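**Q** There's a structure below that I have some questions on.
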Amino acid sequence: MMLEIINSCLSNSLHHNPNLVYALLYKRELFEQFRTHPSFQDIMQNLDTVIGFFSQRLEQAGSDLSVERVQEVIMKGAQALPTDRLKKFPELKFKYVEEDQPEDFFIPYVWSLVFNSGVGLHWSPHGIELFSMDSG
């Protein structure tokens, strides 16, 4: 799932994700284990294309590059990478599945947000009643 999300970010909005590219280049060895796995070969092809493209641009920029210079090379490279070099996959879709009684989670959660982040509002913890104790 994580590889699919990374791939979607790279193939659909590379120019908006320079920090992701930086992280991929910095931690590229983490992806070695997925290269030979048959289930991930399509996705890894795109990651390898991006990593290879930006690695080459960084090599051309020289050695002993500052973080700012690396980010600059990535930003310019993101504009220059032809989008047709990345294989397109179907758009990711996520579906929210509601529990049988979502209020068991959401009511206490929302109240904790209100109570803990009520900037400028004074909430007396003794005056908050989430559920009435009356039976009638």
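**Q** Please find, among Leu65, Leu25, Leu58, the residue that is surrounded by 10 or more Cβ atoms within 10 Å (Cβ to Cβ), over 21 Å from Met2 (Cα atoms), assigned by the TED database to the domain that holds Met1 and at pLDDT 90 or above.
**A** That would be Leu58, the only listed residue that is surrounded by 10 or more Cβ atoms within 10 Å (Cβ to Cβ), over 21 Å from Met2 (Cα atoms), assigned by the TED database to the domain that holds Met1 and at pLDDT 90 or above.
**Q** Scan the range 2-9 and give yes if some residue there is surrounded by fewer than 15 Cβ atoms within 10 Å (Cβ to Cβ), in contact (Cβ under 8 Å) with a residue 12 or more places away in the chain, of a type in the set (Asp, Glu) and outside any loop (DSSP other than H, G, I, E, B), otherwise no.
**A** yes
**Q** While we're here: Are any residues in the range 34-53 of a type outside the set (A, V, I, L, M, F, W, C) and part of a helix (DSSP H, G or I), and if so, which ones?
**A** Arg35, Pro38, Ser39, Gln41, Asp42, Gln45, Asn46, Asp48, Thr49, Gly52, listed by residue number.
**Q** Turning to a different aspect of this structure: Under 17 Å from the mean Cα position of the chain (by Cα), surrounded by fewer than 14 Cβ atoms within 10 Å (Cβ to Cβ) and part of a helix (DSSP H, G or I): does that describe Leu30?
**A** yes
**Q** Of everything in the range 1-55, what is under 24 Å from Val67 (Cβ atoms) and among the aliphatic types (A, V, I, L, M)? Give them in sequence order.
**A** If the condition is that a residue be under 24 Å from Val67 (Cβ atoms) and among the aliphatic types (A, V, I, L, M), then Ile6, Leu10, Leu14, Leu20, Val21, Ala23, Leu24, Leu25, Leu30, Leu47, Val50, Ile51 are the ones that fit.
**Q** Residue under question is Gln79, and the condition is that it be in contact (Cβ under 8 Å) with a residue 40 or more places away in the chain, open to solvent by less than 90 Å² (accessible area, probe 1.4 Å) and of a type in the set (S, T, N, Q); does it hold?
**A** Taking the combined requirement at face value, the residue does not satisfy it.
**Q** I've got another one for you. For the range 54-83, give me the residue count where each residue is within 17 Å of His16 (Cα to Cα), of a type outside the set (A, V, I, L, M) and part of a helix (DSSP H, G or I).
**A** 8
**Q** Does the range 87-111 hold any residues that are of a type in the set (Asp, Glu) and either in a helix (DSSP H, G or I) or closer than 30 Å to Gln41 by Cβ (or both), and which are they?
**A** Glu91, Glu103, Asp104 - these are the residues of the range 87-111 that are of a type in the set (Asp, Glu) and either in a helix (DSSP H, G or I) or closer than 30 Å to Gln41 by Cβ (or both).
The values are calculated or read from the model by the stated rules, or taken from the named source; none is laboratory data. Just so you know, these numbers come straight off a predicted model, no measurement behind them. Note that each Cβ is placed from the backbone with ideal geometry, even for glycine, and that neighbours are counted across all protein chains shown. Protein only, heavy atoms only, side chains kept; ligands, DNA and RNA dropped before computing areas. Shrake-Rupley method; radii C 1.70, N 1.55, O 1.52, S 1.80 Å.
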